[in-house]
Amino acid sequence: NLQNLAELGVNAIELLPVTAIPGDFNWGYNPWFYFAVENTYGTPEDFAELVEKAHSLGMAVILDMVFNHVGSGSPLEKLDRLGTTGTYINPNQGEVFGMKQLNWFSPDMRQFFLDSALFWIEQYGIDGFRMDLVDPEDYDGYRWWRDQIKSKHPDFFLIGEDFGYPPTNSVTYAGFDTQWGGQHTDQWGGISNNFQNT
């Protein structure tokens with residue numbers, strides 16, 4: 001319970017992805033809908049209440065967001081197939097964890113995810129994102145996105161899951177506030193991720 005966490009001195013909580021997913025249950029890392037709370041977790045009102053309660057206890061709320069890839073058969077993948085290939089799905093990148101990687105080089109896709117980010121920030125009062133799997137190939141896209149968010153919400157906190165260290169990481173190239181993970185200790189084979197404040 002949040003009250004117990006507050007009494008322990010916790011000043012921030014990080015939630016696994018809450019965006020709507022296919023099926024009834026998973027960890028949220030194969031997203032489909034970027035403007036909806038997963039209904040098996042509760043209602044939008046439930047989520048708003050959770051954030052409000054955390055804030056009332058002096059805790060920031062950081063939301064894990066998956067803006068790198070989409071679950072197979074997602075609406076973005078279907079729109080990409082029906083419209084202009086490459087608008088949402090990156091045709092030059094393979095799959096990751098069996099999912100299509102998104103095209104951060106596309107201005108339309110960047111705008112879509114800016115709109116989604118601002119929705120969670122402005123609708124629910126989210127204080128930060130932990131960005132799942134920031135891809136080095138796409139740092140310019142992430143920087144544009146970060147700059148747009150920070151221009152409206154300068155104190156918003158961005159953490160990149162990134163397996164590189166400076167100078168080749170999301171903090172240096174994309175302007176994120178910090179990173180989660182680092183290449184010398186925790187490639188996926190090691191499964192011992194660390195939080196690296198650079």
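The values are calculated or read from the model by the stated rules, or taken from the named source; none is laboratory data. Bear in mind that the values here come from a model prediction, so they are computed numbers and not experimental data. For neighbour counting, all protein chains shown are included, and Cβ atoms are generated from backbone atoms with ideal geometry for every residue, glycine included. Heads up: the accessible areas ignore ligands, DNA and RNA and are worked out on the full protein's heavy atoms, side chains in. Shrake-Rupley method; radii C 1.70, N 1.55, O 1.52, S 1.80 Å.
The distance linking the range 8-48 with the range 83-101 is 24 Å (Cα centroid to Cα centroid, whole angstrom). Amide H contacts under 5 Å for residue 89: 103, restricted to partners 5 or more places along the chain or on a different chain, H placed in the peptide plane at 1.01 Å from N. Overall, the accessible surface of the range 15-79 at a probe of 1.4 angstrom is composed of carbon and sulfur to the extent of 62 percent.
In terms of its C-alpha gyration tensor, the range 1-95 comes out prolate, because a/c is 1.5 or above and the ratio a/b outweighs b/c. Of the options 170, 145, 160, report the single residue whose Cα projects farthest towards the positive end of the charge dipole of the range 126-179 (beta-carbon charges: Lys, Arg +1; Asp, Glu -1). Of 170, 145, 160, it is 145. Only four residue types carry charge here, +1 at the Cβ of Lys and Arg and -1 at the Cβ of Asp and Glu. Report the dipole size of the range 47-97 about the Cα centre in Debye, rounded to the nearest 20. In debye, rounded to 20, the range 47-97 gives about 100. log10 I(q)/I(0), Debye, Cα-only the range 60-140, no solvent, q = 0.26 Å⁻¹? Ignoring solvent entirely, the Cα scatterers give -1.33.
Is there a quick way to get the dipole size of the range 30-188? I mean about its Cα centre, with the Cβ of Lys and Arg at +1 and of Asp and Glu at -1; what is the value in debye to the nearest 20? Kindly include the intermediate steps, with their values, before the conclusion.
On the way: 10 positive and 24 negative charges, 59 e Å.
Taking the Cα centre of the range 30-188 as origin, the dipole is about 280 debye.
For the chain, the 222 nm mean residue ellipticity estimated from helices alone, with every DSSP H stretch of n ≥ 4 adding -39500 (n - 2.57) and the total spread over all residues, rounds to -9500 deg cm²/dmol.
Amide H contacts of residue 178: 158, 160, each under 5 Å away and 5 or more positions distant or on a separate chain (H built 1.01 Å from N in the peptide plane; Pro and chain starts excluded).
Since only 89, 67, 5 are under comparison, the one whose Cα sits farthest along the positive direction of the charge dipole of the chain, derived from C-beta charges on Lys, Arg, Asp and Glu, is 89. The lysines whose alpha-carbon is closer than 27 Å to the alpha-carbon of residue 152, local same-chain residues fewer than 8 away aside, are 53. Here the dipole of the range 77-163 is about 200 debye; that uses its Cα centre as origin and unit charges on the Cβ of Lys and Arg (positive) and Asp and Glu (negative). Dividing the convex hull volume of the alpha carbon atoms of the chain by its residue count gives 130 Å³ per residue. In the context of the full set of protein chains, residues of the range 59-115 present 42 Å² of accessible surface per residue (probe radius 1.4 Å, heavy atoms only).
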